[in-house]
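Undergrad: Okay, here's the structure, questions in a sec.
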Amino acid sequence: MKRDRMSGNEAVAFAMKQIDPDVMGAFPITPSTEIPQYYSKYIADGEVHTEFVAVESEHSAMSTCIGASAAGARAITATSSAGLAYMWELLYVAASSRLPITMAVVNRALTGPININNDHSDSMGCRDAGWIQIYAENNQEVYDNYIQAMPIAEHCRLPIMICQDGFITSHAVENIELLEDDQVRAFVGDYEPDHYLLKKGEPLAVGPYGISAYYMEIKKAQAEAMKDSRRRIYEVADAFAELSGRRYGMIEEYMMDDAEFAIVLIGSSAGTAKAAARQLRDAGVKAGVVKIRVFRPFPWEELQAALSGVKAVAVMDKSEGFSGWGGPLFAETRAAMYDVSEAHRPLMMSFVYGLGGRDVTISTFDEIYGDLARTAEAGKVENIYRHVGVRGDEEGIQG
Amino acid sequence: MGNTVEIRWHGRGGQGAKTACLLLADAAFSSGKQVQGFPEYGPERMGAPITAYNRICDGGAGNSVHSNIYNPDFVIVVDETLLRSVDVTSGLSEEGAIIVNSRKSPAEVREQLHGYKGKVCTVDAGTISRETLGRNIPNTPMLAAAVKVSKVIDKDRFLEDMEGSLRHKFASKPQVVEGNMRALRMSMTQLKVG
């Protein structure tokens, strides 16, 4: 174990270096550009043996990964925002071909208007593509998640996204504990797929036409693999905890044991929410935080257990789903709570926040906890769907 | 948050405020602290105002907050022309201090600070860097001033660490190491506190 300090992008590139995969296909886009940049330097310095394919677009980057992975190689890429959107078509090809590609996603707003800063609209937009999605609060977590990615993905034969917040963690230098190279290599192991294109004596087609007589069976198999991946995520987390002393699950519960008011959210702002909860606990308010680590597969059982009996819950989305009544995390979290008995079912509200890099502070979370307390007092939700920090928005949360 | 020291840097794109911010995080890390160093990104270009931030605290769990800093303990202004266009003391603790790269005295600079009552410090980082490095690279002297005023790191330990990392980085250019070390020491000596 080595104590160091580095940015989130460098942490991911460093994990990649320790793993030394076979192929990287990548095209630069802010704020993930540094990942292939650092990695190119590792290649130039002879520190890794990866074949780097410099492509002309993200569509080709994902195509490269698909080709390499189908051939039997361990393939990686990194992207953000419009780059991820440009991969869209191929994301489904990768998932349905059951290719365990690992993609580092540095979350950035999708264009419209153009913006380089953080939100989750890019990876939330492809949440139904059949990729496992794991999110990080800080640099340590994105490093740890990346090291767990391949043992999860390759076992389940599903592609995986390891997400972190653009600039907020990708460009922030923070303390980090790094594993030794040999520890990482032993943990991740060699990639030895059962079936692949270059396997002698076993002719194989990848990505053929799926006629109606077969298409649904293929989709059901993907769905089963996604459901089963939950067990594998825990197995890998257990092994990682033994190696590193750092334990992960589908979600992280913070001060939730006796919480009356909870905030559910994803990513770097969870750290700020935790700081707000700590301060409120000192003032006698029973505040708690639930951080979603794994969004696909969706941690509905864990959320039911964590939120059951809480008086009021704010589910915070860093993306607008334009559903007209809240973001995707809200919709799915609230659906998960439907099966909880009425006596234990919390009042729930949707807050859309942080779009295009809009900052969120401890005082923002204080306001939200205050709103939860008022809602619990009133015994009903007045306004189910609101925005945070929008100028001139009298119904929203200002903070 | 508790013992966390929060610092905000103001500079113009290209002057190295971001680099100084990351160097301070590095130096604080080397002396055993939990650190954050991060710039605020947008459509920057050379010469446009930029902001960068540090959170530094003693060991332990560190700081989990991931937002910009609105109530800093210290503010460092790498380019004094920003005093005309940016409200640099916004939210600044009156128990803290502002350090401005300027030839002026702290009393003269204070007149431009909209009634800020805390400590005002000035250092002529431009002249120091020209004398020691041959170019106007104000961020190195400003980094030294930040360490001296904020006391987030022991200043002798800081100078030792900086010398070590510069010797490592510029192994083939010993004159660069010496120039930078002189810049750091001169800044600490010439800093004016008002």
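Undergrad: So which residues in the stretch A:1-48 are touching a strand residue (DSSP E or B) at 6+ places or on another chain (Cβ under 9 Å), touching a residue at least 40 places away in the same chain (Cβ under 8 Å) and part of a loop (DSSP other than H, G, I, E, B)?
TA: Within the stretch A:1-48, A:Met1, A:Ser7, A:Pro21, A:Asp22, A:Phe27, A:Ile29, A:Thr30, A:Pro31, A:Ser32 meet the criteria.
Undergrad: Now, a different point. Would a scan of the stretch B:5-21 turn up a residue that is crowded, with 18+ Cβ neighbours inside 10 Å, within 13 Å of the chain's Cα centre (by Cα) and facing chain A (nearest Cβ under 10 Å)?
TA: yes
Undergrad: For the stretch B:65-80, give me the residue count where each residue is touching a helix residue (DSSP H, G or I) at 6+ places or on another chain (Cβ under 7 Å) and facing chain A (nearest Cβ under 10 Å).
TA: Looking only at that region, the number is 3.
Undergrad: Could you list all residues from the stretch A:127-153 that are more than 10 Å from the chain's Cα centre (by Cα) and of a type in the set (Ser, Thr, Tyr)?
TA: Those that are more than 10 Å from the chain's Cα centre (by Cα) and of a type in the set (Ser, Thr, Tyr): A:Tyr143, A:Tyr146.
Undergrad: Can you name the residue in the stretch B:87-112 that is among the acidic types (Asp, Glu) and more than 18 Å from B:Glu6 (Cβ to Cβ) and, of all such residues, is surrounded by the fewest Cβ atoms within 10 Å (Cβ to Cβ)?
TA: Restricting to residues being among the acidic types (Asp, Glu) and more than 18 Å from B:Glu6 (Cβ to Cβ), the top hit is B:Glu111.
Undergrad: Now for a different question. Considering only residues that are among the acidic types (Asp, Glu) and either open to solvent by 30 Å² or more (accessible area, probe 1.4 Å) or outside the structural domain of A:Ser269 (by TED's automatic domain parsing) (or both), which ones fall in the stretch A:349-399?
TA: If the condition is that a residue be among the acidic types (Asp, Glu) and either open to solvent by 30 Å² or more (accessible area, probe 1.4 Å) or outside the structural domain of A:Ser269 (by TED's automatic domain parsing) (or both), then A:Asp359, A:Asp366, A:Glu367, A:Glu377, A:Glu382, A:Asp393, A:Glu394, A:Glu395 are the ones that fit.
Undergrad: Among (1) small (Gly, Ala, Ser); (2) touching a helix residue (DSSP H, G or I) at 6+ places or on another chain (Cβ under 8 Å); (3) crowded, with 21+ Cβ neighbours inside 10 Å; (4) away from chain B (no Cβ under 14 Å), there is one condition A:Gly189 misses while meeting the rest; what is its number?
TA: (3)
Undergrad: Can you name the residue in the stretch A:8-23 that is open to solvent by 10 Å² or more (accessible area, probe 1.4 Å) and not β-branched (Val, Ile, Thr) and, of all such residues, is farthest from the other protein chains (Cβ to nearest Cβ)?
TA: Ranking the qualifying residues of the stretch A:8-23, first place goes to A:Asp22.
Undergrad: Only one of these is at pLDDT 95 or above and buried (at least 24 other Cβ atoms within 10 Å of the Cβ): A:Ala73, A:Ala85, A:Ala26. Name it.
TA: A:Ala26
Undergrad: For A:Ala68, state whether it is of a type in the set (A, V, I, L, M, F, W, C), open to solvent by 10 Å² or more (accessible area, probe 1.4 Å), in a helix (DSSP H, G or I) and over 23 Å from A:Asp20 (Cα atoms).
TA: no
Undergrad: Further question on the same structure: Test A:Asn175 against the criterion of being within 14 Å of chain B (Cβ to nearest Cβ), open to solvent by less than 50 Å² (accessible area, probe 1.4 Å), in a loop (DSSP other than H, G, I, E, B) and polar (S, T, N, Q), and give yes or no.
TA: Considered against the rule, which asks whether it is within 14 Å of chain B (Cβ to nearest Cβ), open to solvent by less than 50 Å² (accessible area, probe 1.4 Å), in a loop (DSSP other than H, G, I, E, B) and polar (S, T, N, Q), A:Asn175 comes out as no.
Undergrad: To continue, here is another question. Is it the case, given these coordinates, that A:Ala241 is open to solvent by less than 70 Å² (accessible area, probe 1.4 Å) and within 18 Å of the chain's Cα centre (by Cα)?
TA: Judged against the criteria, A:Ala241 is not a match.
Undergrad: Based on this model, can you work out whether A:Asp282 counts as out of contact with any Lys or Arg (no Cβ under 6 Å at 6 or more places or on another chain) and assigned by TED's automatic domain parsing to the domain that holds A:Phe14?
TA: no
Undergrad: Kindly establish whether B:Gln190 is open to solvent by 70 Å² or more (accessible area, probe 1.4 Å) and modelled with pLDDT of 95 or more.
TA: Judged against the criteria, B:Gln190 is a match.
Undergrad: Report the residue count in the stretch A:109-144 for those that are among the β-branched types (Val, Ile, Thr), surrounded by 24 or more Cβ atoms within 10 Å (Cβ to Cβ) and more than 13 Å from chain B (Cβ to nearest Cβ).
TA: 2
Undergrad: It is to be established whether one or more residues within the stretch B:131-153 are part of a loop (DSSP other than H, G, I, E, B), over 18 Å from the mean Cα position of the chain (by Cα) and of a type in the set (A, V, I, L, M, F, W, C).
TA: no
Undergrad: Another question, then. What number of residues within the stretch B:27-44 satisfy the criterion of being surrounded by fewer than 16 Cβ atoms within 10 Å (Cβ to Cβ) and within 8 Å of chain A (Cβ to nearest Cβ)?
TA: Residues meeting the conditions: 2.
Undergrad: Which pairs have Cβ atoms under 7 Å, sit 6 or more apart or on different chains, and link a residue in the stretch A:261-283 that is within 18 Å of A:Gln133 (Cα to Cα) and within 12 Å of chain B (Cβ to nearest Cβ) to one that is in a helix (DSSP H, G or I) and open to solvent by less than 20 Å² (accessible area, probe 1.4 Å)?
TA: That search, which allows pairs on different chains as well, returns A:Leu265/A:Ala273.
Undergrad: Of the conditions (1) open to solvent by less than 50 Å² (accessible area, probe 1.4 Å); (2) at the interface with chain A (Cβ under 10 Å from one of its Cβ atoms), B:Gly47 satisfies every one except a single condition; which number is it?
TA: Every listed condition holds for B:Gly47 apart from (2).
Undergrad: Right, another one. Which number in (1) within 14 Å of another protein chain (Cβ to nearest Cβ); (2) assigned to a loop (DSSP other than H, G, I, E, B) marks the one condition that A:Lys199 misses?
TA: (1)
Here's the yes/no breakdown for (1) surrounded by 22 or more Cβ atoms within 10 Å (Cβ to Cβ); (2) free of Cβ contacts under 8 Å to residues at least 12 places away in the same chain; (3) closer than 25 Å to B:Phe29 by Cβ:
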site: B:Leu82; (1), (2), (3): no, no, no
site: B:Ser85; (1), (2), (3): no, no, no
site: B:His114; (1), (2), (3): no, no, no
site: B:Thr127; (1), (2), (3): no, no, no
site: B:Arg130; (1), (2), (3): no, yes, no
site: B:Ala144; (1), (2), (3): yes, no, yes
site: B:Ser165; (1), (2), (3): no, no, yes
site: B:Gly179; (1), (2), (3): no, no, yes
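The values are calculated or read from the model by the stated rules, or taken from the named source; none is laboratory data. These numbers come from a predicted model, not from an experiment. Heads up, the Cβs are rebuilt from the backbone with ideal geometry, glycines too, and the neighbour counts pull from every protein chain shown. SASA here: full protein model, heavy atoms, side chains in, ligands and nucleic acids out. Shrake-Rupley method; radii C 1.70, N 1.55, O 1.52, S 1.80 Å.
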